[in-house]
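What follows is a single structure, written as structure tokens, with notes after it.
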């Protein structure tokens, strides 16, 4: 094992009543790929912020190479070679690849004038060093998610990175793109650059890591050689409980009834074209495909957020024109958006206020007064039913972990008694324990006869929790498959082929 690059010793951090980190150690050797795992709220984000100088610990020590720090500033961390690539990548979409890669370096030197030729040359050279060609003049907003990730890594290297922290780097990447990213990470390892890889996708943890550090409830559970871990062991270390995954199956008798939802030849210019499918009572229909395939836009059209140009939607066999979200809700349709923080929650409002938003009207009594006691009992019952972990429903939604925030969004729609529930990315950025809880909630709704549409780019999730799958690409349904008749390899191949065809044709004519 190479010499240590980073050593964090006995670090603790408290935010108000919450002990985010409690006497935590972490070490990373030069050229090592370390995976940092734990449930939402385990302390991963706080530890990363301490390592990168964003947050000052209450106690503990940090050693970078041979230098000792009681507290670390952002500039000190960067000078020491620590770079963090967050999930949102923090790129400038309206600037070129070359500008994103090189301008930080120019600004560090405090140059009054920009040598644009040099900016471009630096970008070309660094991209060549990483083994990936991207046109340096292209605007970042035009790049694929995979190429944006490459630009973020290249930028970190131009700033002299010796340790790169990658937070959920494979979100929205295909299997092939993940493999390319892992090749780059392994190449960086050969150059003695250290990697801290943060992911909820355990298959990737096993594939890329040499060593795994597990956090739970702000404490370090331990360091483990990844070769000596099993999926079951790692899940237990992260959650403190055994999680058993089973295959979803629905009642075939429901197929004989009229469908809850039928979509006929639905089109929206620039989004999707000629979409037709049926959703039965008690069914979980999976929709997968890459970002830009039109899947989210389709969901929004069914929920009244994206008026289609042509086609027909039928609810219980009756044709409807859904012009607003309130009309959709009155028809029994509910929609969980992919971006829960922006579109799913009133993030600064109380948890209780978020839970009551879909049912408040039903608790208004005579004289327009709200029946507060009955409403309080209802939202407390919802929170208990979905196991939302919080000291108080009076706290803001921002105080919750990602998994519990998602449960709040799900709970508010369950309260509305949906017949049809569309969930877009229901477990994006959620830890393994909360993910299992969300899956069980969705299955429970299906067992009660709710028709579920689950949109996800996580192939194992789709395979395990649906009975039928639609693969979308280029705004069309590429293939419809019975879940029991396919596997992960085949589904990945179909999605990858859709991406290949996407590059050869316009999304929608």
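A short reminder: the numbers here are calculations on the coordinates, not readings from a lab. Here the structure is a predicted model, which means the values were calculated and not measured.
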Q: Would you mind classifying region 256-337 by shape? Square roots of the alpha carbon gyration tensor eigenvalues, ordered a ≥ b ≥ c; an a/c under 1.5 is rounded, otherwise it is prolate if a/b is larger than b/c and oblate if not.
A: rounded
**Q.** the chain: relative contact order as a whole-number percent, Cα under 8 Å and 6+ apart
**A.** 15
Q: Specify the angular offset, from 0 to 90 degrees and rounded to the nearest 10, of the alpha carbon long axis of helix 488-504 from the longest principal axis of the alpha carbons in the chain.
A: 80
Q) Roughly what angle does helix 97-108 make with the longest principal axis of the chain, taking Cα atoms, 0 to 90 degrees, to the nearest 10? A) 50
Q) Bin by bin, in steps of 10 Å, what percent of the Cα pairs in region 166-312 do you find, going until the bin that has the longest distance? A) 9, 25, 23, 22, 17, 4, 0
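What number results when the radius of gyration of region 308-418, computed over Cα atoms, is divided by 2.2 N^0.38 Å?
Numbers: Rg = 15.7 Å, N = 111, 2.2 N^0.38 = 13.2 Å.
The value comes to 1.19.
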Q | Option label - volume of the Cα convex hull per residue in Å³ computed here, alternatives (1) 171; (2) 219; (3) 137 | A | (1)
(Q) Based on the alpha carbons, how large is the Rg to Rh ratio for region 388-459 when Rh follows Kirkwood? (A) 0.97
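Taking only DSSP H segments of four or more residues, each worth -39500 (n - 2.57), what value at 222 nm results for the chain once the sum is divided by all its residues, to the nearest 500 deg cm²/dmol? Provide the component values of the computation, followed by the final result.
Working: 16 runs with 174 residues, N = 509.
That comes out to -10500 deg cm²/dmol.
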Q. Rg and Dmax of region 424-467, Cα atoms, in Å?
A. 10.0, 28
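Could you give the length gained on full extension between residue 71 and residue 115, defined as 0.36 nm per residue of separation minus the Cα-Cα distance, in nm?
On the way: separation 44, 0.36 × 44 = 15.84 nm, distance 3.60 nm.
Separation in residues times 0.36 nm, less the Cα-Cα distance, equals 12.2 nm.
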Q: Return one number: the angle in degrees, 0 to 90 and rounded to the nearest 10, between the long axis of the Cα atoms of helix 145-158 and the longest principal axis of the Cα atoms of the chain.
A: 20
(Q) What is the distance in Å between the Cα centroid of region 454-472 and that of region 293-321? (A) 20
